[in-house]
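Written out below as structure tokens is the structure these notes cover.
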Amino acid sequence: MSHDLAVPPAEVLVGLERLALEVATEAARLVEDRPDDLGAVTKSSATDVVTAMDRASQDLVRRRLLAARPDDGFLGEEDGARPERPGGGVTWVVDPIDGTTNYLYGIPLYAVSVAAVVGDPTRPGRWRPVAGAVVNPATGESYAAHLGGGARRTDAAGRRVALRPSAADDLGLTLLGTGFSYDAGVRAWQARVLAHVLPVVRDIRRGGSAALDLCHVADGRLDAYHERMLNPWDLAAGWLVATEAGAVVGGSVVSGGRSGHGDPGPDLAWACAPALAGPFADLLRQAYAVAGEPPAPA
Ligand code: LIP
């Protein structure tokens, strides 16, 4: 993977967003044409599932992206990683179906997430998204953004809106998204964090797709979101959509004293309406302190 954080020029970013949206939309159509037998098998645990459609979606996305930009790098959830070649410029970070459990159960909250990033997405804090798209095949809604270009949502009827996060400024009225690990030990720790946070906020929503949760902070359907143990492909495109919409996106809150909020990563990814940033980061810091040292996944 590249270590270069140089951002391509604006006209290239516009093209990267267009390509991400086009390919994610094509993969979403494939995913929605679901077979009777999804060919589901398990990965890191009995509940961590991958289906034949995850793999088919990733194969399509990888093939179309590298046909269009043969020197770019690729990092997908379902294997197939390839480093960027000289002259490539970006690495594509792809979750072919984010929210696979929802897809398996037929719950319409899953998405194809495609992001172009600079830097090395395998090294937390050493990369950033510069263009991306998140497409929900079940609703036909798509989210897209590029660095410095704002964020947009287009519905199934083709109506497009510019995205803004909510105006929420009171934790007690905050609708908070979150998610939980496939690892039971990590979930037990996450339950301790939730026990601290839940009485403070309005309510929580566990949507099941980090990419859509981040997009829902961008469009105001959630006031805030946090989750631990996310992979780069879960968060890359949603991170950019939320940031470009004007939400605040951050990472680990336990290493206090650092300026700013840091980058989202496996330790912690969070996003919120701008007026909530200070109190929400403090709440997470307190909750993590109360929950104690998080366990490594088994
Ligand atoms: C999912 C994430 C979600 C998390 C789930 C799962 P996947 O990704 O998007 O936020 O809570 O446990 O990791 O596995 O469906 O691509």
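Some points to look at:
- For region 46-66, a residue qualifies if it is open to solvent by 30 Å² or more (accessible area, probe 1.4 Å) and among the small types (Gly, Ala, Ser), and the qualifying residues are Ala46, Ala52, Ala56.
- Comparison of Gly80, Gly87, Gly76, Gly99 shows that the only residue that is within 16 Å of the ligand (Cβ to nearest atom), open to solvent by 20 Å² or more (accessible area, probe 1.4 Å) and among the small types (Gly, Ala, Ser) is Gly80.
- Positions within region 1-34 being closer than 27 Å to Thr154 by Cβ and assigned to a loop (DSSP other than H, G, I, E, B), in sequence order: Val7, Pro8, Pro9, Asp33, Arg34
- The number of residues in region 64-74 being assigned to a helix (DSSP H, G or I) and in contact with a helix residue (DSSP H, G or I) (Cβ under 9 Å, 6 or more places away or on another chain) comes to 3.
Here's the yes/no breakdown for (1) outside any helix (DSSP H, G or I); (2) more than 11 Å from the ligand (Cβ to nearest atom); (3) under 29 Å from Asp155 (Cβ atoms):
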| residue | (1), (2), (3) |
| --- | --- |
| Ala46 | yes, yes, no |
| Arg55 | no, yes, yes |
| Trp92 | yes, yes, yes |
| Val117 | yes, yes, yes |
| Val130 | yes, yes, yes |
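- The set of residues in region 13-44 being within 16 Å of the ligand (Cβ to nearest atom), among the hydrophobic types (A, V, I, L, M, F, W, C) and open to solvent by 50 Å² or more (accessible area, probe 1.4 Å) consists of Ala40, Val41.
- For beta carbons closer than 9 Å, sequence separation of 6+ or different chains, a first residue in region 67-88 that is farther than 15 Å from Leu16 by Cβ and touching a residue at least 24 places away in the same chain (Cβ under 8 Å) and a second that is open to solvent by 60 Å² or more (accessible area, probe 1.4 Å) and hydrophobic (A, V, I, L, M, F, W, C), the qualifying pairs are Leu75/Ala81.
- Cβ-Cβ contacts under 7 Å between residues 6 or more apart (or on different chains), taken from a first residue in region 285-298 that is closer than 14 Å to Met229 by Cα to a second residue that is surrounded by 14 or more Cβ atoms within 10 Å (Cβ to Cβ) and among the charged types (D, E, K, R), are listed as Pro294/Arg228; Pro297/Asp183; Ala298/Asp183.
- Pairs, first more than 9 Å from the ligand (Cβ to nearest atom) in region 193-215, second assigned to a loop (DSSP other than H, G, I, E, B) and open to solvent by less than 10 Å² (accessible area, probe 1.4 Å), C-beta under 6 Å, six or more apart: Val201/Thr174; Arg202/Thr174
- Check on Ala188, under 17 Å from Ser45 (Cβ atoms), more than 10 Å from the ligand (Cβ to nearest atom) and either modelled with pLDDT of 95 or more or surrounded by 24 or more Cβ atoms within 10 Å (Cβ to Cβ) (or both): yes
- Filtered by the rule that a residue be outside any loop (DSSP other than H, G, I, E, B) and closer than 23 Å to Gly99 by Cβ, region 161-182 gives Val161, Leu175, Leu176, Gly177, Thr178.
- Within region 164-184, if we keep just the residues that are open to solvent by less than 40 Å² (accessible area, probe 1.4 Å), within 16 Å of the ligand (Cβ to nearest atom) and in contact (Cβ under 8 Å) with a residue 60 or more places away in the chain, the residue that is farthest from the chain's Cα centre (by Cα) turns out to be Asp183.
The values are calculated or read from the model by the stated rules, or taken from the named source; none is laboratory data. Just so you know, these numbers come straight off a predicted model, no measurement behind them. Quick reminder, even Gly has a Cβ in these numbers, built from the backbone with ideal geometry, and neighbours come from all protein chains shown. All accessible areas refer to the heavy atoms of the entire protein, side chains included, with ligands and DNA or RNA removed. Shrake-Rupley method; radii C 1.70, N 1.55, O 1.52, S 1.80 Å.
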